[in-house]
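All remarks here apply to the structure that follows.
The values are calculated or read from the model by the stated rules, or taken from the named source; none is laboratory data. Here the structure is a predicted model, which is why all the values come from computation and not from measurement. With ideal geometry, Cβ positions are generated from the backbone for all residues, glycine too; neighbour counts draw on all protein chains shown. Accessible surface is based on the protein model in full, side chains and every heavy atom, while ligands, DNA and RNA are left aside. Shrake-Rupley method; radii C 1.70, N 1.55, O 1.52, S 1.80 Å.
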Amino acid sequence: MAAPGPSVFLLMVNGQVESAQFPEYDDLYCKYCFVYGQDWAPTAGLEEGISQITSKSQDVRRALVWNFPIDVTFKSTNPYGWPQIVLSVYGPDVFGNDVVRGYGVVHVPFSPGRHKRTIPMFVPESTSKLQKFTSWFMGRRPEYTDPKVVAQGEGREVTRVRSQGFVTLLFNVVTKDMRKLGYDTGPVDSQGISVPTPPQSVLW
C-alpha cells in the first residue's frame, strides 16, 4: 500500500541581519519579527529577536555591523501569505531617548539557496512643523505601535514617511516537499529537499 503524500511543505530559513548604513546615526540596535499568512505556522526557531547595540566601524565604510543570527522553520499548505521579515532599527536621540531610526520589510526569498538583500528603511514623519518640533522636544518621535503594519498595505497610503538608511540581510533558504505538492522552486536532492544550485543562485 502506497504511503500517503505530504500534506504540508516546510520552509527553513537561517542567516543573519548583517549590517546597516545610517550615515547620520550611531549606536543602533535592530529588532526583527516575521509576518505570515493564516495557513503558515512556525515549527522551530525564533520568530523575533533583538540585536546588540553596535557602533560604526572605523574604516571608510562606517558600517554598523550586527551579524545577528536568524533561524526559523515554517510549515504551510500553500504559498499564500509567504513570510516577510520586518525590521525596526532604534537608537538614542540627543536627549538619550531610544527612538526609531528606520522600518523595513522584505519577503523571505522564494527560491532555495543563499541570498543577500539590501532593504531601504524609512521612518514616519510628523504632518506639521509644530508637531515635528514638539516630538523632537519631548523625545517622542512618530512610530508605529506595532511594527508589523509595515508588512501590510492597509492605511499605508495615508502615512507620511521619509527614507533613511539601509539594512543588509543574508538568507539561507531550504524548502522540503514543495515539489510533491506541485510547486517548482529549484533542483531537488535524493531526499526530496530543494537545495541551492551553484553560485548562480546567489541573488543580489
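For segment 17-36, taking the residues that are under 17 Å from residue 103 (Cα atoms) and of a type in the set (Phe, Trp, Tyr), the one that is farthest from the chain's Cα centre (by Cα) is identified as 25. The set of residues from segment 67-89 being open to solvent by 10 Å² or more (accessible area, probe 1.4 Å) and either assigned to a strand (DSSP E or B) or aromatic (Phe, Trp, Tyr) (or both) comprises 67, 68, 69, 71, 73, 75, 80, 82, 84.
Among the criteria (1) modelled with pLDDT of 95 or more; (2) over 15 Å from the mean Cα position of the chain (by Cα), the one residue 95 does not fulfil is (1). The conditions are (1) open to solvent by less than 30 Å² (accessible area, probe 1.4 Å); (2) at pLDDT 90 or above, and residue 57 fails exactly one of them. Which is it? Among (1) open to solvent by less than 30 Å² (accessible area, probe 1.4 Å); (2) at pLDDT 90 or above, residue 57 violates only (2). Just one of the listed residues (168, 185, 159) is surrounded by 14 or more Cβ atoms within 10 Å (Cβ to Cβ) and modelled with pLDDT of 80 or more, and it is 168.
Can you tell me which residue in segment 37-49 is nearest to residue 68 (Cα to Cα), limited to those that are over 12 Å from the mean Cα position of the chain (by Cα) and open to solvent by 70 Å² or more (accessible area, probe 1.4 Å)? Filtering first and then ranking leaves 46.
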